[in-house]
Amino acid sequence: MCIPLWTLVIFLFYFQISHIVMKLNYAILLIGLLFVMSPSVFSQKNKFEEIKIKTSSQCGMCKERIEEALAFEAGIKSSDLDLETQIITVIYKPQKTNPDKIKKAISKIGYDADDVLADEKAYSKLPDCCKKPGDPDRTEHK
Ligand SMILES: [Cu+2]
């Protein structure tokens, strides 16, 4: 009688442990699920969008000027101008701004943005080397 009783005790003991381990597994699974799900909830709230806009930028000064000015625009997270293609990639919050506003902002700095032409006043204040090719005011870089 002694041996079966011991096995029963051991069985119950292991059962208890496996029960706790199972509970722990569920807890870990739940925590894991929360971790997987929370970024998606989070990213939906702070979702960014990207837009590529063709500009009339000419040189490194233009790049700095545009990127710095856009950094102060509401809803724009970052921007990167590729001087070779003159295309600026803007990361923005669609809840706070939109492509039209971004193009207008670029225009106000003095540059064409896709079909939105540069604001004339801002353009006239640009250094001559930053003016569009074909503009009689333009001077080439030395
Ligand atoms: Cu320039």
Between the Cα axis of helix 99-109 and the main Cα principal axis of the chain, the angle (0 to 90°, nearest 10) is 40
Counting other Cβ atoms within 10 Å, which GluC sites (Glu not before Pro) in segment 36-141 have at most 15 and lie in a DSSP loop?
Glu84, Glu140
For Lys131, the residues 5 or more places away or on another chain with a placed amide H closer than 5 Å to its own amide H are Thr139
The residues Cys129, Cys62, sorted from fewest to most surrounding Cβ atoms within 10 Å, come out as Cys129, Cys62
If the cut-off is 14 Å between C-alpha atoms, which aspartates and glutamates fall inside it for Lys131, apart from same-chain ones fewer than 8 positions away?
Asp112, Asp119, Glu120, Glu140
Cβ-based exposure ranking for Thr139, Thr97, in which fewest neighbours within 10 Å come first
Thr139, Thr97
Given charges at beta-carbon only (K, R positive; D, E negative), |dipole| of the chain in Debye:
580
Nearest 10 degrees is fine. How inclined is helix 60-71 to the longest principal axis of the chain, computing both from alpha carbons?
50
With Cα coordinates, the longest principal axis of the chain makes an angle with the long axis of helix 2-45, in degrees rounded to 10, of 10
In order through segment 80-90: 3J(HN,Hα) via Karplus (6.51 cos²θ - 1.76 cosθ + 1.60), integer Hz, x for Gly, Pro:
9, 9, 9, 5, 5, 9, 6, 9, 9, 9, 10
Which order do peptides 53-60, 104-111 fall in by mean Cβ count within 10 Å, highest first?
104-111, 53-60
Taking 7 Å along the Cα-to-C-beta vector as the label spot, tell me the Asp135-Phe11 distance in nanometres, rounded to one decimal.
9.0
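Taken together, the values in this text are just the output of simple stated rules run on the coordinates, not laboratory data. What you are looking at is a predicted structure, and each value in this text was computed from that prediction instead of being measured. All Cβ positions, glycine included, derive from the backbone under ideal geometry; neighbour counts span all protein chains shown.
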